[in-house]
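Structure first, then comments.
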Amino acid sequence: IIVGCMVCNILTTSITVTVAIRNGATSTNLTKDISIPAGDAIEVVQGKIVMVAGDEIAITASTASACDVVLSVLKNA
């Protein structure tokens, strides 16, 4: 269960970020190309998201090494 996900732009310019849950060839976007201003952060998950076996989180930014991510997960609940 994902209980929180924060993405922070660590650059001095704006970036776009996509956060998705992937399972094999299936991908479900939590955000798609959301803009984050320089030095700002967004909270992607403000509730709970239940993941199943084989799910993984994929986070991509418009610029390499542009963001820090904190993911809070409750495992085996």
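Would you please put 55-62, 3-10 in order of how densely packed they are, using the mean number of other Cβ atoms within 10 angstrom per residue and starting with the highest?
Order by mean packing, descending: 3-10, 55-62.
Please compute the per residue accessible area over the chain with all protein chains in place, 1.4 Å probe, rounded to a whole number of Å².
Accessible area per residue, the chain: 63 Å².
On a full-extension model of 0.36 nm per residue, what is the gain between Thr26 and Asn76, subtracting their alpha-carbon distance, rounded to one decimal in nm?
Extra length available between Thr26 and Asn76 comes to 15.7 nm.
Measure off 7 Å from each Cα along the Cα-to-Cβ vector at Thr12 and Asp33, then give the distance between these two points in nanometres to one decimal.
2.7
Of Thr31, Ala53, Thr13, whose Cα points farthest to the positive end of the dipole of the chain (charges on the beta-carbon: +1 Lys, Arg; -1 Asp, Glu; origin at the Cα centre)?
Ala53
Taking the Cα centre of the chain as origin, sum charge times position over the Cβ atoms of Lys and Arg (+1) and Asp and Glu (-1), and report the length of that vector in debye to the nearest 20.
Dipole about the Cα centre, nearest 20: 180 debye.
Report the gain in length on full extension from Val69 to Gln46: 0.36 nm times residue separation, minus Cα-Cα distance, nm rounded to one decimal.
6.8 nm
Measure off, as a whole percent, the carbon and sulfur share of the 1.4 Å-probe accessible area of the chain, all protein chains present.
Using a 1.4 Å probe with all protein chains present, the chain comes out at 52 percent carbon and sulfur.
Starting from the Cα gyration tensor of the chain, take the square roots of the eigenvalues, sort them a ≥ b ≥ c, and report rounded, prolate or oblate (rounded when a/c is under 1.5, otherwise prolate if a/b is larger than b/c, else oblate).
prolate
The values are calculated or read from the model by the stated rules, or taken from the named source; none is laboratory data. As the structure is a computational prediction, the values presented were derived from the model and not from experiment. No Cβ is skipped: glycine too gets one built from the backbone with ideal geometry, and neighbour counts run over all protein chains shown. Ligands, DNA and RNA are stripped out before the accessible areas are found, and what is left, the full protein with its side chains, is counted by its heavy atoms. Shrake-Rupley method; radii C 1.70, N 1.55, O 1.52, S 1.80 Å.
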